[in-house]
Amino acid sequence: MSHSPRLNLAVRDRFLKWTITAKIFNILDTYLRPSSTIAPIDAAQEINQLFPLNRPTEGEEPNEEPISFLWEMWELVLDVVSQLPWDHPSQERSIDLLKALRSLPDPVMVDMPGFGEMRVWADLPILHPVLNEVYYGIDAPEFKEEEKFRSHNYNTFCARMMRDSIRNRTTYAICTMRDALEVEPDYRARAYHTQGPQLNTFVPIAATWIMLAGNYLFHCSQDSGQGAEADSQSIAGGRGWKGANGYSLDRWRFWKRRFSELKEQDQASEETREFARKAEDRMNKVEANDVGSS
């Protein structure tokens, strides 16, 4: 990997092998640095100029198919955002870039084999399947510090997207809640006394979903899954949850109770307990207000 001195961003060697993805990385690296004054729309226009239908051909060979460009581009973008610390201002800058891409004028309808026609860039085409590819490709984060770091950052990015109605990721959210809050071992089991690593991995991520997208998740819970992805409603609970699959007010209340318990859990780190406190406070505020930004 080659490393950037700003934010310690790294670019995988395979992205450097293609001139276009190398250029996109340079755009992202410059745009996301804390000192950057580049407007989101300017970075979006630079990326748009590299789109194969907008880019001059080199020699006699035609440019790559749009779907190939988009798949590589989104993989690179998601690899970069996974490196942005969950609470870093550049996380918001990455969301602003998506909004700017989506707002570019004169969207072009392009056929994406296997996915149908999509508008470039209004539909942020091919983002959905690449999000899933990356999400399910992250190794179980409790085993590796690097994957734990990337998973928290990636989930934060997805929560921000959902907060701002860019992409619905309720399936990711409910899976995280299950892993963080619904899998407490039986108190008679040896595993009950060694929960620390599991809690310290998943509770901060679950709390971040609540802190950023709590309003959206609460409305899904109020409406028994209305507004959630269809797959969300098939997600079964962990052993601690005895109710129905999917979103419900009862499950929301169960999560809040578990956060309340975990803020006093002596096997969890102080940082994890603080995340649990913040999540419980956020849930109380969402319930009390039932309005406003999440």
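So here's what we get for this one:
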quantity: Separation of alpha-carbon centers, the stretch 236-254 and the stretch 51-124, rounded to whole Å; calculated: 37
quantity: Kirkwood hydrodynamic radius (C-alpha pairs) into Stokes-Einstein, the stretch 217-293, 20 °C and 1.002 mPa s, D in µm²/s; calculated: 160
quantity: Contact order normalised by residue count of the chain, Cα under 8 Å, 6+ apart, percent; calculated: 13
quantity: Estimated distance in nm for a label pair at Lys144 and Ile41, the labels positioned 7 Å out from Cα along Cα-to-Cβ; calculated: 4.1
quantity: Highest-MSF residue in the chain out of Asn153, Asn168, Asn26 [GNM, Cα springs under 10 Å]; calculated: Asn26
quantity: Relative contact order computed over the stretch 23-101 (Cα-Cα under 8 Å; 6+ residues apart), in percent; calculated: 40
quantity: Hull shadow area, averaged, the stretch 22-95 [alpha-carbon convex hull, nm²]; calculated: 5.2
quantity: Nearby aspartates and glutamates by direct alpha-carbon distance to Lys256 (threshold 16 angstrom, same-chain neighbours under 8 apart not counted); calculated: Asp179, Glu182, Glu184, Glu264, Glu274, Glu280, Asp281, Glu287, Asp290
quantity: At most 15 other Cβ within 10 Å, DSSP loop - trypsin sites (Lys or Arg not before Pro), the stretch 233-294; calculated: Arg239, Lys242
quantity: Mean residue ellipticity (222 nm) of the chain, computed from DSSP H runs ≥ 4 via -39,500 (n - 2.57), nearest 500; calculated: -18000 deg cm²/dmol
quantity: On Cα atoms only, tilt of 249-262 relative to the major axis of the chain in degrees; calculated: 80
quantity: Two-site label geometry, Ser260 and Glu133: point separation in nm, points 7 Å out along Cα→Cβ; calculated: 4.4
quantity: Rounded tilt (10° steps) of 66-81 against the dominant C-alpha axis of the chain; calculated: 50
quantity: Helix 196-222 vs. the chain, principal-axis angle (Cα, 0 to 90°, nearest 10); calculated: 80
quantity: Contact order relative to length of the stretch 1-137, as percent, for alpha carbon pairs under 8 angstrom and 6 or more apart; calculated: 22
quantity: Percent of Cα-Cα distances greater than 25 Å, calculated over the chain; calculated: 51
quantity: Student exercise, the stretch 188-259 dipole from Lys, Arg, Asp, Glu Cβ charges, in Debye to nearest 20; calculated: 560
quantity: Filtered trypsin sites (Lys or Arg not before Pro), the stretch 5-70: DSSP coil and at most 11 other beta carbons within 10 Å; calculated: Lys17
quantity: Point-to-point label distance, Asn8-Glu270, nm (Cα→Cβ direction, 7 Å offset); calculated: 2.2
quantity: Greater than 30 Å apart at Cα, pairs in Lys99/Lys148; Lys99/Lys263; Lys148/Lys278; calculated: Lys99/Lys263
quantity: Ranked list, fewest to most other Cβ atoms within 10 Å of each Cβ, for Lys148, Lys99; calculated: Lys99, Lys148
quantity: Peptides 109-118, 207-216 ordered by average Cβ neighbours within 10 Å, highest first; calculated: 207-216, 109-118
quantity: Neighbour cut-off at most 12 other Cβ (10 Å), DSSP loop, GluC sites (Glu not before Pro), the stretch 33-75; calculated: Glu58, Glu60
quantity: Kirkwood Rh, angstrom, the stretch 174-279 [1 / mean 1/r, Cα pairs]; calculated: 13.9
quantity: Sites Glu117 and Trp18, calculated FRET efficiency, Cβ-Cβ separation with R0 30 Å, nearest 0.05; calculated: 0.70
quantity: Dipole of the chain, positive end: most advanced residue of Gln222, His193, Thr208 [Cβ charges, Cα centre]; calculated: His193
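Quick note: the coordinates plus some simple rules give every number you see, no bench work behind them. In this text the structure is predicted, and so the values were computed from the model without any measurement. Don't worry about glycine lacking a Cβ; one is built from the backbone with ideal geometry, like all the others, and counts go over all protein chains shown.
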